[in-house]
Amino acid sequence: MYHFLRRRKAYNLDTTSQDLYERFHPALGFSKEEDLSASIIFIVEEDRVLLRNENGAADFPRFSDCFVQNPERYDLGYLGTLDGAHCFYMSYDETFIIPNGLEFESLRTVYSKVDEVIGLVASRAVHLAGWSQRTKYCGVCGSPTRKDPAELAKRCTSCKNIIYPRISPAIIIAVVKEDKLLLAHNKNFKQRWYSTLAGFIEPGETVEICAQREVLEEVGVTIKNIRYFGSQPWPFPDSLMIGLIADYESGEVTPDGVEIDDAAFFGADELPEVPGTYSVAGKLINWFVQTRNQG
Ligand SMILES: [Zn+2]
């Protein structure tokens with residue numbers, strides 16, 4: 001499947017997707033004869049990865065940093081090649097001795113320290129490491145599972161169950177009313193910041209219906225003219241954020257009091273504290289500010 005994709009030119013991709021397409025080549029395996037000492041290894045513990053911070057620059061460790069001997073004793077997963085280097089992931093376990101100079105950092109922090117393509121490969125590593133940990137046993141019969149050599153999946157060793165990585169799509173939406181953007185504070189935010197509304201797509205819903213339902217449920221407003229903005233994998237633990245833009249249609253902004261405790265329309269020059277542009281929310285807000293400034 002991957003080879004089929006590689007033969008085609010990537011048309012109509014945003015810059016980040018185009019860079020990802022050119023620099024990262026996903027694969028299930030590699031030639032056993034290759035020298036792996038320069039391979040990149042993402043060592044994952046929940047939503048954190050081991051990172052080296054040196055002279056202000058962040059980098060992921062290489063095989064030669066981590067495995068003085070026998071990498072075979074660890075359960076490594078293969079990701080593909082990034083800028084020509086093989087990439088692997090593994091879940092941290094206590095038998096692994098963390099080399100000097102490496103520290104665990106939350107993936108959200110990593111996003112602000114590395115370029116977007118490396119951040120996306122790290123997302124893939126965190127997502128797959130978490131999935132692999134949660135699917136050691138079959139959910140149907142309880143037997144151990146094993147990796148499928150032919151596709152990105154696991155198979156039960158006794159029944160026919162196939163387990164694919166779960167991806168949970170969610171919408172995130174910038175609702176615009178004249179020169180103002182709808183932002184809300186979610187009760188679960190650790191920070192004081194305001195962000196665009198978001199919610200998981202339910203079974204049977206289209207992206208557009210989900211967007212209408214979420215905005216109506218959370219702040220009591222109806223929307224129209226929904227259009228696509230961009231997307232981002234968000235492996236906390238397994239979301240895919242689908243960024244949208246819509247126009248306000250009707251209703252008074254009324255926070256639901258359950259998820260949202262405050263919401264309002266803000267002008268570009270009166271924004272509250274908002275998320276950084278490493279997230280789709282931050283990119284949507286940045287898009288709003290840029291387009292207002294262009295008049
Ligand atoms: Zn089974």
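The values are calculated or read from the model by the stated rules, or taken from the named source; none is laboratory data. The shown structure was predicted, so the numbers you read here are calculated from the model rather than taken from an experiment. Ideal geometry is used to build each Cβ from the backbone, glycine not excepted, and the neighbour counts take in all protein chains shown. Accessible surface is based on the protein model in full, side chains and every heavy atom, while ligands, DNA and RNA are left aside. Shrake-Rupley method; radii C 1.70, N 1.55, O 1.52, S 1.80 Å.
When a/c reaches 1.5 or more, the comparison of a/b and b/c decides; with that in mind, is the range 49-191 rounded, prolate or oblate per its Cα gyration tensor?
oblate
Hey, got the dipole for the range 13-134? About the Cα centre, +1 on K and R Cβ, -1 on D and E Cβ, debye to the nearest 20?
160
Suppose all protein chains stay in the model; what accessible area per residue would a 1.4 Å probe give for the chain, in Å²?
That works out to 55 Å² for each residue.
Which entries in the list LYS136/LYS187; LYS224/LYS283; LYS190/LYS224; LYS177/LYS283; LYS32/LYS154 go over 29 Å, if you measure between the two C-alpha atoms of each?
Pairs exceeding the cut-off: LYS136/LYS187; LYS190/LYS224.
State the percentage of accessible surface on the range 13-134 attributable to carbon and sulfur atoms; use a 1.4 Å probe and exclude ligands, DNA and RNA.
The value for the range 13-134 is 46 percent carbon and sulfur by accessible area.
Please report the net charge: other residues with Cβ closer than 13 Å to the Cβ of GLU205, K and R +1, D and E -1.
It works out to a net charge of -3.
From the C-alpha gyration tensor of the chain, pull out the three semi-axes of the equivalent ellipsoid (sqrt of 5λ each), sorted largest to smallest, in whole Å.
38, 22, 19
Rounding to the nearest 20 debye, state how big the charge dipole of the range 168-293 is about its Cα centre with +1 on each Lys and Arg Cβ and -1 on each Asp and Glu Cβ.
400
Using R₀ = 22 Å, calculate the FRET efficiency as 1/(1 + (r/R₀)^6) where r is the Cβ-Cβ separation of PHE189 and ALA268; round to 0.05.
0.55
Choose one of LEU216, SER231, THR196: the residue whose Cα lies farthest towards the positive end of the charge dipole of the range 168-293 (beta-carbon charges +1 Lys, Arg; -1 Asp, Glu; about the Cα centre).
The residue sitting most towards the positive pole is SER231.
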